[in-house]
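Quick notes on the structure that follows.
The values are calculated or read from the model by the stated rules, or taken from the named source; none is laboratory data. Worth saying up front: this structure is predicted, and the values here are computed from it rather than measured. Using ideal geometry, Cβ is built from the backbone for each residue, glycine included, and neighbour counts are taken over all protein chains shown.
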Amino acid sequence: MAMTYNTMVLVLFIISLSSFGKGEEGLGASFIFGDSLVDAGNNNYLPTLSKANIKPNGIDFKASNGNPTGRYTNGRTIGDIIGEELGQPNYAVPFLSPNATGKAILYGVNYASGGGGIMNATGRIFVNRLSMDIQVDYFNITRKQFDNLLGASKARQYIMKKSIFSITIGSNDFLNNYLLPVLSIGARISQSPDAFIDDLIDHLRSQLTRLYQLDARKFILGNVGPIGCIPYQKTINQLTENQCVELPNKLALQYNGRLKDLATELNENLPGATFVHANVYDLVMELITNYAKYGFKTASRACCGNGGQFAGIIPCGPTSSLCSDRDKHVFWDPYHPSEAANIIIAKRLNEGDPKYISPMTIQELRDL
């Protein structure tokens, strides 16, 4: 399973789903790019070590009667929750699913993949995963399918005016690349954090520009969450309940500063495009720091997992210990938030606080 925690992912998913809604031609499309926080089942179709299609994942996902779907949580992702609030009739279909054909794709397509990152080398410990480059390649295929379904002119308007592109990626580039023991030692000797983050931003700029050239105009960019605070990191570093690992959080903050600058740059340089920045880091840190205020009893221990003080080493599966009060845990497994946490994150994002969403709200982006 993906040792990744892209809560930002969640943010993006949300936003992308909020694109549904308007106009005489019905709903727009939600195009979701990212990692395990927004993967809705693509990794089910890959020979990979990162999978969530085993119980008890999905135990609270009503749409599947509690069966696993490939979502890395016990229930709905943030995107699912916000989509429901906006009246979205269908979730974006995973690109690799056999169902991703015909009119089903008009609601949107999900390209996200557990273990995926901005860099192609990220997540190689899982053998297979869809990097951001591959996800953009797959959107290029979808783009041609839209021309066939709607005709070239109508397809272009549908994608430019009515559809939202959410990008939630970057956590794995640190957790399962730069910071990974053994595999990354060579990279860290040859690359400073500054140089590695430069590389990430350069690659992401190129990937977002490719999407723009394929008619993407409305974007949500989620930043990297406090990856030093996930149960996996706390457990392997033998921290106390209220401590977080300093280096991963420091790197995330450094990257996040550059990501915000990139959003500003692209808003200025790509005519007609709007990039909304989702500050997942501060939102999730608020939840972790003040968990009791939000009705949780722990922001350190995984509900489903095994190993160490916080059940943070072995990913969630049939042999994992499982908590009885899932709605009292911020984290479902060693890396990913619970549905209860996702509900709160979705609510805060939907409220449009400029501390978390800028320069406009999700609804304002949708209505442009």
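Report yes if residue 228 is part of a helix (DSSP H, G or I) and in contact with an Asp or Glu (Cβ under 8 Å, 6 or more places away or on another chain), otherwise no.
Against the criterion (part of a helix (DSSP H, G or I) and in contact with an Asp or Glu (Cβ under 8 Å, 6 or more places away or on another chain)), residue 228 qualifies.
Pick from the stretch 140-165 the residues that are assigned to a helix (DSSP H, G or I) and of a type in the set (S, T, N, Q): which of them is farthest from residue 110 (Cα to Cα)?
Checking each candidate, the answer is 153.
Which condition number in (1) touching a residue at least 24 places away in the same chain (Cβ under 8 Å); (2) closer than 25 Å to residue 329 by Cα is the one that residue 240 fails?
Exception for residue 240: condition (1).
Would you confirm whether or not the stretch 118-125 contains a residue that is basic (Lys, Arg) and under 17 Å from the mean Cα position of the chain (by Cα)?
No; the residues of the stretch 118-125 include none that is basic (Lys, Arg) and under 17 Å from the mean Cα position of the chain (by Cα).
Within the stretch 52-62, work out how many residues are surrounded by fewer than 24 Cβ atoms within 10 Å (Cβ to Cβ) and either touching a Phe, Trp or Tyr at 6+ places or on another chain (Cβ under 9 Å) or among the charged types (D, E, K, R) (or both).
3
List the number of the failed condition for residue 109; all other conditions in (1) surrounded by fewer than 24 Cβ atoms within 10 Å (Cβ to Cβ); (2) touching a helix residue (DSSP H, G or I) at 6+ places or on another chain (Cβ under 8 Å) hold.
Only one criterion in (1) surrounded by fewer than 24 Cβ atoms within 10 Å (Cβ to Cβ); (2) touching a helix residue (DSSP H, G or I) at 6+ places or on another chain (Cβ under 8 Å) is unmet by residue 109, namely (1).
Looking at (1) under 20 Å from the mean Cα position of the chain (by Cα); (2) of a type in the set (Gly, Ala, Ser); (3) at pLDDT 95 or above, which is the one condition that is false for residue 278?
Result: residue 278 passes all but (3).
Hey, among the residues in the stretch 118-135 that are among the β-branched types (Val, Ile, Thr) and in a loop (DSSP other than H, G, I, E, B), which one's nearest to residue 201 (Cα to Cα)?
118
Out of 120, 140, 65, which single residue is surrounded by fewer than 17 Cβ atoms within 10 Å (Cβ to Cβ), among the polar types (S, T, N, Q) and in contact (Cβ under 8 Å) with a residue 60 or more places away in the chain?
Result: 140 is the single residue among 120, 140, 65 that is surrounded by fewer than 17 Cβ atoms within 10 Å (Cβ to Cβ), among the polar types (S, T, N, Q) and in contact (Cβ under 8 Å) with a residue 60 or more places away in the chain.
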